[in-house]
1. Return the residue satisfying two criteria in turn: it lies in the range C:93-136 and is acidic (Asp, Glu) and assigned to a helix (DSSP H, G or I), and of such residues it is farthest from the chain's Cα centre (by Cα).
2. Checking the structure you have, find out if any residue of the range B:40-57 is on the phi > 0 side of the Ramachandran plot and free of Cβ contacts under 8 Å to residues at least 12 places away in the same chain.
3. Considering every residue within the range B:288-300, establish whether at least one is open to solvent by less than 60 Å² (accessible area, probe 1.4 Å), in contact with an Asp or Glu (Cβ under 8 Å, 6 or more places away or on another chain), in a helix (DSSP H, G or I) and among the polar types (S, T, N, Q).
4. Mind checking which residues of the range B:331-347 are within 22 Å of B:VAL290 (Cβ to Cβ) and away from ligand 1 (no atom under 16 Å from the Cβ)?
5. Just one of C:ARG249, C:ARG241 is within 25 Å of C:LEU113 (Cα to Cα), touching a strand residue (DSSP E or B) at 6+ places or on another chain (Cβ under 7 Å) and among the basic types (Lys, Arg); which is it?
6. Has the range B:366-387 got any residue that is in contact (Cβ under 8 Å) with a residue 24 or more places away in the chain, within 16 Å of ligand 1 (Cβ to nearest atom) and either of a type in the set (S, T, N, Q) or more than 20 Å from B:GLY149 (Cα to Cα) (or both)?
7. Taking the criterion of being surrounded by fewer than 20 Cβ atoms within 10 Å (Cβ to Cβ), in contact with a Gly (Cβ under 9 Å, 6 or more places away or on another chain) and assigned to a helix (DSSP H, G or I), would at least one residue in the range C:198-219 satisfy it?
8. Please determine whether any residue of the range C:80-88 is touching a Leu at 6+ places or on another chain (Cβ under 7 Å), open to solvent by less than 20 Å² (accessible area, probe 1.4 Å), under 13 Å from C:VAL16 (Cβ atoms) and in contact (Cβ under 8 Å) with a residue 12 or more places away in the chain.
Amino acid sequence: MSRPDTASGPLAAARRAVLATTRAAAALAALVVAAMVLTITYDALARYLFAAPTDWAYPLNTAAVLGATVLAVPHLYATGGHIALDLIHRGMSPRARRVADLVTGAATALLGLAIAVTAARSAVLGITLGLTGAGTFSIPLWIPDLVLAVSGALLVAAALLFPAHPPPDGAPDVAALPGAGPTTDPDVGTGTGTTTDTLVTGAGHDDEGAGR
Amino acid sequence: MADGLVVGLAVALLVVLIGLRTPIFVALGLSGVLGLLVLDGWRGVELLPLALNAQLQEYALVAAPLYILLGEALAVSGLGRDLFAAAHRWFTRVPGGLGASAVASSTVFGAMSGVSISSVAVIGRMAVPEMLSRGYRPAFASGSVAASGALAMLIPPSLMFILYSSITGESTAALFAGGIVPGLLLSAMMIAYVVGRASLRPAEAPRDTETFSWGQRLRALGSVAPALGLVVLVLGSIYTGFATPTEAAAVGALAALVMTAVLYRALGWTELRAVLASTAAVGASILAIVAAAYVFTQMLVVARIPDTVSDFVVGLDVPPWVVMVAIMLVLLVLGCLVDAASLLLVVTPILEPAVSDLGYDPLWFGVLLVVNLEMAVITPPVGLNLYTMKSVVPELDMAEIFRGVAPYLLIEAALLGLLIAVPELATFLPGLLI
Amino acid sequence: GCGAPTGWRSPADGPVRAATYIPKSYDDLYPGVEATLDAVTRAGGPSFDLYDGGTLLGAEQLLPGLLVGAADLVFQTSSYVSSSFPALGAMELPFGTEDYARHRRVFDPDGPLVALVNDELAEKDVRLLGGMPLTYEYLWTVDRPIRRPEDVAGLRMRVAGEIEGETVKALGGAPVSMGSAEVFEALQRGTIDGMLSYLGTVVSRDLQSILRYGTRCHIGSYTFDAYCRASWYAALDPRTRAALDAGGRALYREGTATMVAVHQDDYLPQVVAGGVEIVDPTPAELAALRAATEPVRARWEAALGKPAVTGRMAEIVRTA
Ligand code: NA
Ligand code: NA
């Protein structure tokens, strides 16, 4: 399997397009986290210093967790960054592994499809009936539903276009992971983006990082 | 098809998918959705967006990405190195001093980070090569780090307590307070073990010949003072009532970023971008499991599994503590096979009603559950900390790592027994502070 | 059309699925849920498969869950529904009736107000079978009692619904949204200064040990209601419809009677025993509070956007 960003042809073009989209969504997720930090700090200060809490910080940040999560999920799949267990897989024959990976791709596409369809239906219902959350600052319910639907659709695309595991030449490289930080000092990095031959966890192999 | 059979097939599908290296969130989500479809037809599938919205828009979870960000910011700062250096200067005269230093640094780092693997990686990267170069046995060296890294889950802030709060509605602040005494106790027990073992078998951990002056020790302490200040800021603002755990997380993350930029001069735009990107990646990889586990749980709810388990457990004609010990044993076995977050997320909705019906405090049960997770992350075959250890110090042999953590399982089992016998160890502080 | 009823079931397919976020421990509201389901079954209607305590659908998911067919009957507090469907606000307005006996009469499921509400809800495919008009809300505070609008100025008050939020704003306070699990600590730490709620919220979270004052007046009210889909109801045979209506009546009659008795004989004494001073404003103070909250009605009328309907509702409330 060739790397998506160097090959040519329609499949490679589709991969590049999907990867660019999932990366943009993941970058948006990172910005959402930054916005959470700033708005919650602002709300706390406004409440303490001016006894003027915002009515938007609570509902927006509650919705932000959903946004930050589901926007990053397709990119993590495309770049092999999800938590998965490799115990049995690595003991399999190459042929059995290919079958296993096809099953994983199909399972992921099916889940993404179920999310996309049900969330889209829910979003349409929310728009038609004007459903909103309760409270003084109510977010229309179709907004989180739409984000879910988009994430589900991107997950389908990633599952169909990308292999179920990171390509061999994008394989475990702790230093290149987000979370290892940009530094070359091996003492100065975190292992939250750890990849081993036994366990794939927590961070992408997209060495450009998600934060651009 | 009988509901029990459907649930059994869904669990089987879950296990098969996980075995095929399907991402855990996909395995949980798809087996949940298919179970719902068979149990309940299309209206079961309609629960999918409702469940994802309900679980991910739970206010208790807002703190999760913020504490991850706090840990990620500190991880790029070089603080881990300073912490270990400081601990080394203070423990140098003690048998197994470097091992004790590793546990002590993990304890302090655990008070800033909510995730155990980041603690293992940050401390392990420095401490283990240092110990190996001084003649420590690999099992002794890696065991102390892989086991004590899990303290980050028990000592607040803790992602696991945040997840438990999001499922049960128990207060995050109270759960954090409940983890303090057991966490410090576990840390002390680990240090006592390291020192005791090094005294009895000096060949496993040669005595340190280095000596440090009191001036050096105090200067080392000074270099970690800002970090200790951050711990005081975060936990202090929660327990003095200045801030909620969520607000403390946001302010703490901001402070950690400022500290990394200003004091450690390790944060430019590139680094900031990388820290945010890895926070989003780590957060999403965990919260995707959180959301998918809830979908799976909804399938169990539709099949009335939590009610059935609760009725069964309450109907048992044995003393409650026997039930509790049995639950701990089941969790130990499951902990070998499942990752910590999935274990917590799937068993809490099933067991918490039963435990409450038995008359136990759900807060206390949450602390017990997290001590179980301390064991789960270091039991093979599925033990996140073990493989994190291997990945940061690749020359270690997996068998050495397994052997090194085995004694810590006994220490953690002893703590569990202590907590069952003396529940006040977990409940006293929350009662006092909250 | 949208949200096609592919998953909807008729009672002939088996027990009707009911859901509520109320757990069994709410002994003011839960008996109403049980009374409703019993009455339907007794009247020859379907049996029920009830998921309580938010296990199937949490408070925020009950209405969307009902609309997509994940449940066929939901028991829900009106504040979660009225932000989407303002018609219900007629019962929630501050100083709407000022006399609980009249307030209670207004909500008779066979009366004109519920008929009017159902006309409005039908456009959204929702039907109100019946509900319990909860006893009036209180303004609860920790540091100082509220007697006049000026006393609310600058206070951070926890609210659960849109109309409550407008009421707090109209009084000069800052409404704060938060989950009920967080209210205790928030009060203790001074994250909030007080809250607007009915008695059940206080007792279920043990807030009487931290609250100091409760101002008693018609500052607001919710109803606790049984809802189904209007199209689902319309497609049922007349006998089943009548049985469901009997359930709605049981919720209104038996449920309300139990709730009022529990509030008077159990909850209010518990709150007072917990150290909360009940504050009864003087007629002059009441007039000032009523005048200050007058803009809330205008906001509600604008939200519904049908002057003829809101006028008719106000008339029904006045003359009940
Ligand atoms: Na921690
Ligand atoms: Na394990």
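1. C:ASP119
2. Yes, because at least one residue in the range B:40-57 is on the phi > 0 side of the Ramachandran plot and free of Cβ contacts under 8 Å to residues at least 12 places away in the same chain.
3. No, the range B:288-300 contains no residue that is open to solvent by less than 60 Å² (accessible area, probe 1.4 Å), in contact with an Asp or Glu (Cβ under 8 Å, 6 or more places away or on another chain), in a helix (DSSP H, G or I) and among the polar types (S, T, N, Q).
4. Passing the criteria: B:LEU331, B:LEU334, B:GLY335, B:CYS336, B:LEU337, B:VAL338, B:ASP339, B:SER342, B:LEU343, B:LEU345, B:VAL346, B:VAL347.
5. Testing whether each residue is within 25 Å of C:LEU113 (Cα to Cα), touching a strand residue (DSSP E or B) at 6+ places or on another chain (Cβ under 7 Å) and among the basic types (Lys, Arg) leaves just C:ARG249.
6. Yes, the range B:366-387 contains at least one residue that is in contact (Cβ under 8 Å) with a residue 24 or more places away in the chain, within 16 Å of ligand 1 (Cβ to nearest atom) and either of a type in the set (S, T, N, Q) or more than 20 Å from B:GLY149 (Cα to Cα) (or both).
7. Among the residues of the range C:198-219, at least one is surrounded by fewer than 20 Cβ atoms within 10 Å (Cβ to Cβ), in contact with a Gly (Cβ under 9 Å, 6 or more places away or on another chain) and assigned to a helix (DSSP H, G or I), which makes the answer yes.
8. There is no residue in the range C:80-88 that is touching a Leu at 6+ places or on another chain (Cβ under 7 Å), open to solvent by less than 20 Å² (accessible area, probe 1.4 Å), under 13 Å from C:VAL16 (Cβ atoms) and in contact (Cβ under 8 Å) with a residue 12 or more places away in the chain.
The values are calculated or read from the model by the stated rules, or taken from the named source; none is laboratory data. Source: prediction; values computed, not measured. Every residue, glycine among them, receives a Cβ derived from its backbone with ideal geometry; neighbour counts consider all protein chains shown. When the accessible area is computed, the model is the full protein with side chains, heavy atoms only, and any ligands, DNA or RNA have been set aside. Shrake-Rupley method; radii C 1.70, N 1.55, O 1.52, S 1.80 Å.
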